[in-house]
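See structure below.
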Amino acid sequence: MNIDLHPHLRKRVAKLSAADRELIAACLLALGDGFGNPHLHSGLEIRRLRKDMFECRAGLHWRVVFFAENAVLTAYDVMTRDEIKAWLRGF
């Protein structure tokens with residue numbers, strides 16, 4: 001499955017440490033292979049947030065928020081769990 005990186009994600013990831021960037025890159029690579037295959041994505045902890053919006057865990061601290069439309073996943077942002085809760089309230 002194809003993964004597009006939204007400019008918002010690119011901007012946020014650029015500000016993170018190298019270790020965090022590696023975790024997020026590994027999460028995105030695994031997400032492309034595992035999304036839609038329940039047995040493969042069990043370790044990714046993919047969770048549905050809204051109809052076409054999901055989150056995927058990238059390490060202990062970060063979550064990647066992405067949208068699934070047709071055969072493309074759009075990685076939108078990287079947030080903590082608390083940031084996602086606050087963001088969804090205003091969504």
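Nothing in this text is a laboratory measurement; each read-out follows from the coordinates by a stated rule. Please read these numbers as outputs of a predicted model, since none were measured by experiment. Please note: Cβ atoms are built from the backbone with ideal geometry, for glycine as well, and neighbour counts cover all protein chains shown.
Treating only the Cβ of Lys, Arg, Asp and Glu as charged (+1, +1, -1, -1), what charge dipole size does the chain show about its Cα centre? Round to the nearest 20 debye.
320 debye
Grab every C-alpha pair in the chain, bin the distances at 5 angstrom width from 0 up to the longest one, and report whole percents.
3, 14, 27, 29, 18, 8, 1
Order of 61, 6 from fewest to most other C-beta atoms within 10 Å?
Exposure proxy ranking, most exposed first: 61, 6.
Could you tell me which of 90, 73, 34 has its Cα farthest along the dipole of the chain towards the positive end, charges placed at Cβ (Lys, Arg +1; Asp, Glu -1), taken about the Cα centre?
Farthest along the dipole direction, towards plus: 90.
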